[in-house]
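Below is one structure, written out as structure tokens, with a few remarks after it.
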Amino acid sequence: MKPIDLLTAEPADPTPDQGPRHRSGPLALFVSIFCTFSAAGGGLILWREGLRLWAGLAALLFVAAAIWAIWGLVGRFRHHWPAQRSHAVLTNVLGFDIICTCRDVAATVFFEPDSLAPGSATSVLFFVENYASRQRIVRFRFGPHAALGLDEARTINLHLAAGQAAVYVLPLAVASAAAPGEHDLPVTLRVESPTGAGLRLPVGRHHLHDLRTVHFAAPFTLATVSASPAPAAVPEKPRYLSLASISEPAPRLEPLASMLGTRETPP
């Protein structure tokens, strides 16, 4: 069941889920083959010992394990790759240095701008891209951070269609009394697979380790000001923009470029 505060990027991505709900990886295939040979060997030993009933049960287990192994192997070849390829927006288009994924979702978080003065405005950009053939729910938990007006940790829930890339833009105001220096916003990423795992989309030459939880530390710098800082600017509303869909031939970066280009630069 989807959370009430689940956000869907604009425009909506119509890409349907593809591939199997359960992903039979190399470990599952190894376990099934191991069980097959173990059942076969155990059945032969029991037969030689005269335990015919137990040998028969072992034979049934052998047949079941063999069917499981064959089914898993056939499934891997039948669902080897979906027809579409990922646009790899984060790595190939925007050039981000992504070192891992979280349940097939690549992500990065940073401030724009990241050099600020007390009382100025900034935005936190949460870039995400789904490398799976089925949808994902991305959960970012960030904060607290007093200088950004975050008295307690907050959570945003982002929906991603299969292969979709998107960015969540959260405007924030820096407190006028914020201390100058280097700061970090703590961010934790977790991902759910509401409709199943699906398959990993081809993303070029990138081979990324997949984790269950990813932690970020989005840095920003507050400069020292001699005059009294101006009152904090009133931030705009958050936006969740779709950047690419595997249902379309190319990414759409114009809305992001337009928004960043027209945003006022803080003093």
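Derivation of every value follows stated rules applied to the coordinates shown; laboratory data play no part. All values derive from a computational prediction rather than experimental measurement. Heads up, the Cβs are rebuilt from the backbone with ideal geometry, glycines too, and the neighbour counts pull from every protein chain shown.
On a full-extension model of 0.36 nm per residue, what is the gain between E152 and A64, subtracting their alpha-carbon distance, rounded to one decimal in nm? Before the final figure, lay out each step's value.
Working: separation 88, 0.36 × 88 = 31.68 nm, distance 5.28 nm.
Value of the extension gain: 26.4 nm.
With a cut-off of 8 Å between alpha carbons and a minimum separation of six or more residues, what is the relative contact order of the stretch 91-155 in percent? Kindly include the intermediate steps, with their values, before the conclusion.
Details: 68 pairs, mean separation 14.5, N = 65.
Over the stretch 91-155, the number comes to 22 percent.
Given 0.36 nm per residue, what is the gain on full extension from L6 to R85 after removing their alpha carbon distance, in nm? Walk me through the intermediate numbers first.
Working: separation 79, 0.36 × 79 = 28.44 nm, distance 2.60 nm.
Taking L6 through R85 to full extension adds about 25.8 nm, to one decimal.
Can you give the convex hull volume per residue for the Cα atoms of the stretch 160-199, as a whole number of Å³?
Numbers: hull volume 4.9 nm³, N = 40.
It is 123 Å³ per residue.
Report, in debye and to the nearest 20, how large the dipole of the stretch 97-224 comes out about its Cα centre when Lys and Arg carry +1 and Asp and Glu carry -1 on their Cβ. Could you put the intermediate results ahead of the total?
Working: 10 positive and 11 negative charges, 120 e Å.
Dipole size: approximately 580 debye.
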